[in-house]
1. Could you give P(r) for the range 1-56, binned at 5 Å from zero, as whole percent values over all Cα-Cα pairs?
2. Only Lys, Arg, Asp and Glu count, each charged at its Cβ (+1, +1, -1, -1), so figure out the dipole size of the chain about its Cα centre, rounded to 20 debye.
3. Could you tell me which of rounded, prolate or oblate describes the range 1-147, using a ≥ b ≥ c as the square roots of the eigenvalues of the alpha-carbon gyration tensor, with rounded for a/c under 1.5 and, failing that, prolate when a/b is larger than b/c and oblate otherwise?
4. With label points built 7 Å along Cα→Cβ from the Cα atoms of Val318 and Gln212, find their separation and express it in nm.
5. Using only the Cα atoms, work out Rg/Rh for the range 200-277, with Rh taken as the Kirkwood radius, to two decimals.
6. Put a dot 7 Å past each Cα toward the Cβ at Leu43 and Thr265; how far apart are the dots in nm?
7. Give me the base-10 log of I(q)/I(0) for the range 68-117 at each q in 0.21, 0.22, 0.29 Å⁻¹, Debye formula, one uniform scatterer per Cα, rounded to two decimals.
8. Whole number please: convex hull volume per residue, Cα atoms of the range 260-345, in Å³.
Amino acid sequence: MNPFEYQRVSSTEEAIRHIGAPIGTHGAKFLGGGTNLIDLMKLDVECPSVLVDITRLELTKVEPTANGGLMVGALVRNSNLANDPHVIEKYPLLSQALLSGASPQLRNMATTGGNLLQRTRCYYFTDTAFPACNKRVPGSGCAAIQGFNRIHAILGQTDHGPTSGESCIATNPSDMNVALTALGATIHVQSAHGKRSIPIADFHRLPGSTPQLDTNLKPGELITAVELPVSRFAKNSWYLKVRDRQSYAFALVSVAIGLEMDGNTILSAGMALGGVAHKPWRSLEAEQELAGAPATRQSIEKAADLALEGAKGYEHNVFKIQLAKQSIMRALTLAARGTTAGREA
Ligand SMILES: Cc1cc2nc3c(=O)[nH]c(=O)nc-3n(C[C@H](O)[C@H](O)[C@H](O)COP(=O)(O)OP(=O)(O)OC[C@H]3O[C@@H](n4cnc5c(N)ncnc54)[C@H](O)[C@@H]3O)c2cc1C
Ligand code: SF4
């Protein structure tokens with residue numbers, strides 16, 4: 001682990017002033033719960049020269065907004081968010097996704113902002129003994145394409161060969177991000193250049209030719225809050241996570257579904273997949289197919305097929321394509337039955 005300077009700040013302005021140098025491997029980094037960043041520093045994957053501890057900032061509230069949505073401070077811990085009464089009542093999908101992640105101890109530490117920015121669990125990224133990783137060392141290649149790629153992407157990946165310097169088949173490992181995508185959240189950020197808001201669909205990136213960049217956050221930007229729109233899916237939602245162990249494991253495939261229903265007719269749908277792409281994967285085609293359709297096996301199957309259109313597997317993860325289809329069908333069936341009914345199923 002490399003030496004670094006530690007700075008504790010007590011206001012947003014102070015945090016932005018202290019981050020100064022561009023965020024990056026050797027620049028300054030904000031410190032949230034530290035459950036991802038500190039691990040990566042111990043592994044020499046991340047080597048910031050300065051850590052700006054933001055945990056004293058007053059970004060810890062969960063508050064209804066004037067337009068009927070919910071504003072979540074960037075430092076709200078994952079456990080507090082999952083158990084917040086507003087979230088349980090209006091956004092049970094988010095609560096369910098958060099509670100499926102990590103362990104109680106980790107959720108007590110992990111923050112909303114840090115969860116948004118957690119990095120991939122690709123084995124070759126987290127182990128510096130492997131020289132080829134375009135995300136860790138841009139231009140070095142991708143060990144996963146020809147290697148053990150069981151947890152890797154089946155959608156949205158670039159694949160130009162291991163030596164092209166622009167390939168990455170890593171996945172975004174977060175559960176929370178998948179639910180936030182299905183719910184259509186907005187990320188609020190602030191920097192020395194002012195404030196801006198980013199729809200979550202534009203926040204995380206596909207790898208393209210810059211797999212070292214996970215998000216469209218600019219250098220020096222602090223995430224201050226996550227805003228949820230008016231709740232539409234409280235009565236009919238489901239988060240399904242498929243993993244190797246029931247706890248303490250990342251998703252092989254996960255599905256976040258929210259449905260707005262009138263009887264057995266789906267009026268509108270929000271749907272995102274986790275564990276399958278470099279970013280939470282939203283399928284607008286599947287959502288459009290579901291809008292106005294009856295909640296029947298036929299329409300559910302069609303939506304699942306549409307969501308996986310163009311999917312491509314590798315030696316060890318081709319099973320994920322069928323797994324994702326089946327998971328979508330199950331999650332849609334449970335969501336259509338009703339959030340409470342589904343939980344009891
Ligand atoms: C054993 C284990 C199992 C896990 N299992 C799961 C799981 O099943 N599902 C799941 O979703 N997650 C899982 N996680 C990951 C966990 O959810 C993340 O580590 C956590 O959410 C990161 O939040 P943090 O506040 O600790 O982030 P930190 O580690 O503090 O920071 C992460 C990154 O975000 C940046 N950052 C933090 N806050 C801000 C901000 N406000 N503005 C700008 N930048 C910021 C930091 O600079 C850093 O780059 C697991 C982790 C471990 C160790
Ligand atoms: S998949 Fe991405 S993170 Fe994993 S080795 Fe390849 S370039 Fe690195």
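The values are calculated or read from the model by the stated rules, or taken from the named source; none is laboratory data. Given the structure is predicted, the values throughout are model-derived calculations rather than measurements. Reconstructed Cβ throughout: ideal geometry from the backbone, glycine too, with neighbour counts over all protein chains shown. The accessibility values were calculated without ligands, DNA or RNA, using every heavy atom of the protein model including side chains. Shrake-Rupley method; radii C 1.70, N 1.55, O 1.52, S 1.80 Å.
1. 4, 23, 32, 25, 12, 4, 0
2. Values: 33 positive and 30 negative charges, 83 e Å.
The dipole of the chain has a size of about 400 debye.
3. Values: a/c = 2.41, a/b = 1.42, b/c = 1.69.
Oblate is the answer for the range 1-147, as a/c is 1.5 or above yet b/c matches or exceeds a/b.
4. Result for the modelled spin labels: 3.4 nm.
5. Details: Rg = 16.2 Å, Rh = 15.5 Å.
On the Cα set of the range 200-277, Rg over Rh gives 1.05.
6. Output for this residue pair reads 5.0 nm.
7. Taking Cα atoms of the range 68-117 as identical point scatterers yields -0.67, -0.73, -1.20.
8. Numbers: hull volume 8.4 nm³, N = 86.
That works out to 97 Å³ per residue.
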